[in-house]
Amino acid sequence: MRLSKLFTKTLHSAPADEQALNAQLLIRAGYIYKEMAGVYAYLPLGLKVQENIKRIVREEMNAIGGQELIMTNLQRSDLWQITDRWDEAKVDVWFKTKLQNGSELGLAWSHEEPITDMMRNYISSYRDLPINVYQFQTKLRNEVRAKSGIMRGREFVMKDLYSYSLDEKQHQAFYDSVIEAYLRIFERIGIGDKTFLTYASGGAFTKFSHEFQTLTPAGEDVIYLNREKRLAINQEVYNDEVIKHLKLNRADMEQLKASEVGNIFSFGTVKSEQLDLSYTSKSGDKQYVVIGSYGIGITRLIGVITELFADQKGLVWPEAIAPYKVHLIRIGHSDELTKKADKLYKLLTDSKIEVIYDDRDLRVGEMLKDADLLGIPHRVVVSDKGLANNTLEWKKRTDSEAKIINEAELVSILES
Ligand code: ATP
Ligand code: MG
């Protein structure tokens with residue numbers, strides 16, 4: 001991609017009403033556009049980051065037997081009435097709307113009820129189970145406070161997976177495989193060392209749900225962490241009973257701020273009983289399906305990663321999710337230099353390396369500043385200086401000094 005053609009441009013400042021560092025930086029770097037508080041559009045660079053995260057999540061969900069589908073944003077009210085979650089006193093984040101004939105619809109803040117009702121059409125015998133399905137969907141939530149940028153949107157992308165199992169044993173085996181898959185995902189996207197399995201409220205069998213909390217001062221949650229055991233407890237359930245149950249010691253727990261990037265739940269048969277989702281067992285009797293629900297905040301992750309890695313100069317992306325791998329800058333206008341830079345651009349893109357090529361005729365300082373702001377992992381500068389001896393300057397976004405290397409060395413660095 002040539003920077004001269006890229007939609008959009010970098011900005012010198014973020015909107016005055018934007019308080020969160022993540023959104024300020026992402027807006028300035030041209031990754032997102034703020035439509036209103038808590039509502040952000042994803043521009044080409046931001047969408048690429050989103051797609052990179054989704055690709056990793058998709059691979060890991062498929063690897064444990066998940067199948068991708070997509071549910072609808074418009075939802076029937078009757079299903080939520082059955083489970084007593086239609087009332088705004090029970091669920092305070094509803095956005096609702098009406099058909100022309102006056103009947104009320106809900107705008108998806110979650111999909112547990114509609115997807116479980118849908119399953120009634122496809123599950124009748126023990127032979128139909130297990131079923132594990134997931135989606136990437138835009139969720140709409142009328143959040144009271146939207147001050148954390150994309151970490152708390154009123155419109156945001158979630159990966160949600162739903163498991164339908166024969167019994168508690170089958171459910172538990174899948175639930176455990178999700179924990180492993182989630183840990184792999186957070187490792188692959190570059191936040192493995194800062195993300196911890198956390199006991200939180202909710203969940204049918206053990207009275208707990210599991211959250212995945214990433215340490216960051218920008219987070220809205222407080223957790224108590226045992227670093228050695230890599231195990232945490234959310235403040236909301238932190239008490240002597242829980243500490244003892246997990247064989248931990250109050251003295252070893254550190255109080256820290258964190259952001260919930262994932263949350264997994266066992267519903268047991270509560271929801272299947274409410275919505276009458278049952279099957280006929282091998283011995284011919286009626287059994288209720290055991291349900292689990294497993295979320296990851298895809299767009300929240302982008303905000304968390306921004307907060308974790310950004311520095312004074314701008315964004316810093318882990319390589320696995322960066323929109324491009326290389327930021328190529330041409331400093332100078334001669335035909336010879338342009339030819340060399342164009343050739344290098346072609347060589348790299350032909351080797352399937354994603355390059356953003358700053359071919360604009362701007363001042364050097366401006367181009368280097370934009371490269372820092374955009375946060376692409378490798379910066380490569382070709383200039384008249386290196387023409388004679390065929391060298392270029394290479395620097396990682398996090399390095400302070402550039403190194404003089406030749407083209408072959410660059411290719412081997414980028415391919416390793
Ligand atoms: P929170 O406690 O932060 O409000 P939640 O427990 O309501 O989140 P879940 O319903 O468990 O959220 O949703 C699954 C995941 O979706 C969360 O773990 C989080 O990563 C993400 N998420 C939830 N709400 C938002 C939001 N408003 N903006 C962005 N991501 C969100
Ligand atoms: Mg949650």
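Between residue 362 and residue 388, the FRET efficiency from the beta-carbon distance, with R0 = 35 Å, is close to 0.90. A DSSP coil position with no more than 11 other Cβ atoms inside 10 Å describes the following trypsin sites (Lys or Arg not before Pro) in the range 155-264: 247.
The alpha carbon gyration tensor of the chain gives principal lengths a ≥ b ≥ c with a/c of 1.5 or higher and a/b greater than b/c, which makes the shape prolate. Would you please give the FRET efficiency between residue 173 and residue 206, computed as 1/(1 + (r/R0)^6) with r the Cβ-Cβ distance and R0 = 25 Å, to the nearest 0.05? The formula returns an efficiency of 0.95 here.
Cα gyration tensor of the range 1-126, axes a ≥ b ≥ c as square roots of the eigenvalues: rounded (a/c below 1.5), prolate (a/b > b/c) or oblate? Because a/c hits 1.5 or more and a/b fails to exceed b/c, the range 1-126 counts as oblate.
The distance separating the Cα centre of the range 11-38 from that of the range 137-171 comes to 23 Å. Classify the range 237-347 as rounded, prolate or oblate, taking a ≥ b ≥ c as the square roots of the eigenvalues of its Cα gyration tensor: rounded when a/c is under 1.5, otherwise prolate if a/b is larger than b/c and oblate if not. It comes out oblate by the Cα gyration axes.
Among the GluC sites (Glu not before Pro) in the range 185-243, those located in a DSSP loop and surrounded by at most 16 other Cβ atoms within 10 Å of their own Cβ are 220, 228.
Of the residues 66, 36, 3, the one whose Cα sits farthest towards the positive end of the charge dipole of the chain is 3 (charges of +1 on Lys and Arg Cβ, -1 on Asp and Glu Cβ, taken about the Cα centre). Counted without the sites themselves, the longest stretch of the chain free of chymotrypsin sites (Phe, Trp or Tyr not before Pro) in a DSSP loop having at most 14 other beta carbon atoms within 10 Å is 206-416.
In a reduced charge model with +1 at each Lys and Arg Cβ and -1 at each Asp and Glu Cβ, the range 75-222 shows a dipole moment near 380 debye about its Cα centre.
Taking the longest Cα principal axis of the chain as reference, the axis of helix 298-309 is set at about 50 degrees. Compute the separation of the alpha-carbon centres of the range 358-396 and the range 242-265 and state it in Å as a whole number. Computed from Cα coordinates, the inter-centre distance equals 45 Å.
Here the residues 69, 410, ranked from fewest to most Cβ neighbours within 10 Å of their Cβ, fall in the order 69, 410.
Here the Karplus relation 6.51 cos²θ - 1.76 cosθ + 1.60, evaluated at θ = phi - 60°, turns the backbone of the range 180-192 into coupling constants of 4, 5, 4, 4, 5, 4, 5, 4, 5, 8, x, 10, x Hz, with x for every Gly and Pro. Computed about the Cα centre, the dipole magnitude for the range 312-364 is approximately 100 debye when only Lys and Arg (+1) and Asp and Glu (-1) carry charge, each at its Cβ. The C-alpha atoms of the chain define a longest principal axis, and helix 364-374 lies at about 10 degrees to it.
For the range 293-388, trypsin sites (Lys or Arg not before Pro) are listed when DSSP marks them as loop and at most 14 other Cβ atoms sit within 10 Å of their Cβ; the list is 313, 352, 363. Overall, the chain carries a charge dipole of about 620 debye about its Cα centre when +1 sits on the Cβ of Lys and Arg and -1 on the Cβ of Asp and Glu, all other atoms neutral. Only DSSP H runs of four or more residues enter the estimate; each adds -39500 (n - 2.57), and after division by the residues of the chain the mean residue ellipticity at 222 nm equals -9000 deg cm²/dmol. Which is farthest toward the positive dipole end of the range 21-309 among 203, 226, 53, measuring Cα position about the Cα centre, with Cβ charges +1 (Lys, Arg) and -1 (Asp, Glu)? Going by the charge dipole, the pick is 53.
Quick note: the coordinates plus some simple rules give every number you see, no bench work behind them. It should be emphasised that the depicted structure is a prediction, and the values quoted were computed from it without experimental measurement. Neighbour counts are summed over all protein chains in view; Cβ atoms, including those assigned to glycine, are modelled from backbone coordinates with ideal geometry.
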